[in-house]
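First the structure, in the form of structure tokens, and then the observations on it.
The values are calculated or read from the model by the stated rules, or taken from the named source; none is laboratory data. Not measured: the values here are computed from a predicted model. No Cβ is skipped: glycine too gets one built from the backbone with ideal geometry, and neighbour counts run over all protein chains shown.
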Amino acid sequence: MTSRIAHIASNTFREAVRDRVLYNLIVFALLMSAAAVVVGQISIDIERLVVINLGLTAVSLFGMVIAIFIGIGLVSKEIERRTLYTVLSRPVRRWEFIVGKFFGLAGTLAVNTFFMAIGVFVALLYVSHHFQQQDRWVLVALYFIILQFLILTALTLFFSSFSSPLLSAVFAFSLFVIGSFAEDLRGFAGMTHGATRWLATGAAYLVPNFSALNVITSVAHSQPVSGQLVLDNSAYALVYTAMAICGAVLVFEHRNLK
Amino acid sequence: MSRSQRVTVIFSVFLASSLIASVLLLRRVDQVRTGATLEEVLYISSPQALRRLSLGYNGLLADIYWTRAVQYYGNKHHDGARRFDLLAPLLEITTVLDPQLLVAYEYGANFLAPKPPNGAGMPDRAIALEEFGILNNPDAWQLYYNVGFIHYMELKNYAGAAEAFARGAQRPNAHPFLAMLAGKMAEHAGDRQMARMMWSTSYQTTKDINVRANAAAHLRALQVDEDVTNLEALNARYQQQTGRFPSSFSELEAAGLLRGTPLDPLGQSYKLMPDGRVELRTPDDFPFIEKGMPFDYTPPPSPKILPSD
Amino acid sequence: MAAIEILGLEKTYSIGFWRKRQKHALRPLNLKVEEGEIFGFLGPNGAGKTTTLKLLMGLIFPTAGSARILGMELDDPRMKAQIGFLPEQPYFYDYLTARELLEYYGQLSGVEAKLRSSRVNEVLHRVGLPDVGGVQLRKFSKGMLQRVGIAQAILHDPRVVFFDEPMSGLDPMGRREVRDLMEQLKVEGKTVFFSTHILSDAEALCDRVAIIHQGELRGVGAVADLTSSVHGKVEVVWQGTVVPASLRALGAECHVTRDTVRAMLSEANQDAAIEALRRERLRLVSVTPVRTSLEDYYLQKLQPPNATVRVGAKVGTTV
């Protein structure tokens, strides 16, 4: 069982790589270099700020785009191209296929983020000339971004298991935006009454909590991130990802592949 | 059970349990993060940059910051806080993102200017907020009213108030009260009648439930002050007539000084104290009162001025 | 044990905007295929052949009925390890090379790591693609993709192989090779179940056939039985344009072409006819039993059940 999942995952990774996804790293590298050089000319205080803000935001956005663009095709493309037929006629369970696809894309994003992280730290080194204590919070911020990717990948996979690529992209992107304001949504739900309150609260708790995973601004200002938050966020991301994958498995298990 | 059914059951159970777990963890994360999103407001050194970054969606972003401001004030107030540090930045960012959001300026006058625990105690910043609003909405009479309001209520600057009201009165479609307030300021500055007029104007012209509730609380307090003053005067008359203070309202009635039992604005009868003073039964329900409180009274930390109180 | 047992398998789709209309893609099907035979599943396009195959592969779920392959349920992974499937007009991950694709499929089918490379090479040779293992599939022609498709279907040495239109897109040479391969599979003791609308292939290869039309099974039987000489006639062909009276006396229907005569007469008179030709010193070209062709049987079965069709006689089969 695990070997099949591992094989599907590594094949998904191979597909992403050969699809020239990793070329985005070149664009990113250029962006970071340009930023570092330009910012190096400005006052000393805010260079670090700009590099971290820009770097982490770029990592987040690039990764989100990749997660969505590859994720939407994970299942629907295989169905459309009928490559799935020869896979499922083998002793591969449908749920193994879904889980394998998830790990493949998550792995791609992790590798991508790893290289980007190097880019951010190189730029940071360039403007600050030496690493500081506060830099470890940048690592935490990056870790949170990877957690965001896991959630987004699982969500896109879920949509891809029953919806067309275009709709999947729309849904996933919408959830990303709404999820970034999830804390506001919960506050808003608390201010309403009656039936609206139930619906709003329900929605507010279902929506992925991307806002808590975005610590870019505070890390840029060298604020520490509490250990408790790291633990809670990790658990939350794990659980939410599992939920979305379960959803995908359940949908896919009963789907007629016409 | 077929293989497919088994998979369905197992994954459904996983789904349900992870759903529950995610909700529980979410609540934990919210606790750890309380106010974290709001505190990031302090890092926005340039609201103008934020407006540019919002790529034309500044209206929506303004609404989000506005909602945060309302919640922030409501939560802080509910907890009996004495500091509302983030209210000013929240309102400033909201108004930079959407300068036409008039209700934000109303909040500035009603909740940013007054002293804690009713507000943030920053009248100067509130006036600066209003002036920014006037710059962007020169014909909005409400903003001039706000300026005058702050001058009058918090800064006791009656001349400044009169001037602001006069400015506002000249705007097209200005509320008729503005001219009247400007005119009466000279003789009635500081008296209860002015205050009542201003709070009535606020009450009638606002569309925000919190601002309206605040105005209502002030109007009730003014009513109480007037009632207590009048009743204590009647007590003095009674004492002159009979040599002692009355112990019940029926005695006052019998003496022909009163008709019926006087009720406070919330419908409860006043208390006659043996030393001739008049007190409220539930002073906690009446923030802003200057009369009618027991001797050693301390008001509650979070005054009941919002509908949610 | 039957290789494939289909019991009342049915598939109905609800179509239309309000999902009210029913489309019967497959009406209850009952079929049995024995191990070691080549079974042809014939029918025009849209008859339900692909639907049946997809149901057997577990790609779609039946509305009713069930099926067993090698005595095991359709979702049993042990069964799937012993079957191979070639879908119609297959398409594969085009960013992989042929070898990588087969390695991947081998991994998924549970072929042991140490055996994998040799099996991949072996099977590439077998389908006639010995040199293109390292070429990316995006560069393959349709015929080459078809061969890769067959390769992945037999890679893990399955007991039962399912082909959906295996000859499509192949030139005559390719079709010949595929036919030879299918015969070889039979020799190896495998069961082959394939669908096609090309009757000549079916006639040449199959032990038994089933004919399906509009979702309904119209006929099943051994090819030999279905095309047995119904009339008990033979066709005698000789050179020349002369029709001896003796032969006409035997009741021969003769047809004269430029330099040969084709005569149809009853089997009983076959020896007498040959004798007559010998006496007349006419050069015998061939003596062939007349069979109804599979085509005739097929066309008949395609008619709605009550119609009658004249079954014309056709001589032998030529390719």
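Here the condition is being part of a helix (DSSP H, G or I) and within 27 Å of A:Phe97 (Cα to Cα); of A:Val239, A:Val230, A:Val219, A:Val177, it holds for A:Val239 alone. Restricting attention to the range A:219-231 and to residues that are free of Cβ contacts under 8 Å to residues at least 12 places away in the same chain and facing another protein chain (nearest Cβ under 7 Å), the residue that is nearest to B:Val41 (Cα to Cα) turns out to be A:Ser226.
Residues in the range A:38-52 that are touching a residue at least 24 places away in the same chain (Cβ under 8 Å) and away from every other protein chain (no Cβ under 14 Å): A:Val39, A:Gly40, A:Glu47, A:Val51.
Among the residues in the range A:6-19, are any touching a helix residue (DSSP H, G or I) at 6+ places or on another chain (Cβ under 8 Å), among the hydroxyl-bearing types (Ser, Thr, Tyr) and within 14 Å of chain C (Cβ to nearest Cβ)? Among the residues of the range A:6-19, at least one is touching a helix residue (DSSP H, G or I) at 6+ places or on another chain (Cβ under 8 Å), among the hydroxyl-bearing types (Ser, Thr, Tyr) and within 14 Å of chain C (Cβ to nearest Cβ), which makes the answer yes.
Identification of helices (runs of 4 or more DSSP H) wholly contained in the range B:36-79 with 3 or more residues that are within 10 Å of chain A (Cβ to nearest Cβ) yields B:36-39, B:58-78. Applying the set (1) within 14 Å of another protein chain (Cβ to nearest Cβ); (2) modelled with pLDDT of 90 or more to A:Phe181 leaves exactly one unmet item: (2). For the range B:116-137, a residue qualifies if it is in contact with a helix residue (DSSP H, G or I) (Cβ under 9 Å, 6 or more places away or on another chain) and assigned to a loop (DSSP other than H, G, I, E, B), and the qualifying residues are B:Pro117, B:Asn118, B:Gly119, B:Ala120, B:Gly121, B:Met122, B:Asn137. Scanning the range C:182-198 for residues that are in contact with a Gly (Cβ under 9 Å, 6 or more places away or on another chain) and more than 19 Å from C:Lys54 (Cβ to Cβ), we see that the one that is surrounded by the most Cβ atoms within 10 Å (Cβ to Cβ) is C:Lys190. Residues in the range A:1-23 that are surrounded by fewer than 20 Cβ atoms within 10 Å (Cβ to Cβ), assigned to a helix (DSSP H, G or I) and either among the aliphatic types (A, V, I, L, M) or touching a Leu at 6+ places or on another chain (Cβ under 7 Å) (or both): A:Ala6, A:Val17, A:Val21, A:Leu22.
All of (1) closer than 23 Å to A:Leu22 by Cα; (2) out of contact with any Leu (no Cβ under 6 Å at 6 or more places or on another chain); (3) within 14 Å of another protein chain (Cβ to nearest Cβ) hold for A:Phe102 with one exception: (2). What about A:Gly190, is it surrounded by 21 or more Cβ atoms within 10 Å (Cβ to Cβ), within 19 Å of B:Asp63 (Cα to Cα) and within 14 Å of chain B (Cβ to nearest Cβ)? So A:Gly190 does not fit the description; no.
Scanning the range B:226-248 for residues that are crowded, with 19+ Cβ neighbours inside 10 Å and closer than 30 Å to B:Phe165 by Cα yields a single hit, B:Asp227. I'd like to check something: does the range B:98-112 contain any residue that is under 25 Å from B:Gly160 (Cα atoms), of a type in the set (A, V, I, L, M, F, W, C), part of a helix (DSSP H, G or I) and over 15 Å from the mean Cα position of the chain (by Cα)? Yes.
One line per residue, one yes/no per condition, for (1) touching a residue at least 12 places away in the same chain (Cβ under 8 Å); (2) of a type in the set (Ser, Thr, Tyr); (3) within 9 Å of chain B (Cβ to nearest Cβ):
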site	(1), (2), (3)
A:Arg197	no, no, no
A:Tyr240	yes, yes, yes
A:Gly247	yes, no, yes
A:His254	no, no, yes
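The residues listed here are C:Leu59, C:Leu26, C:Leu101, C:Leu9; of these, the one that is at negative phi and part of a helix (DSSP H, G or I) is C:Leu101.
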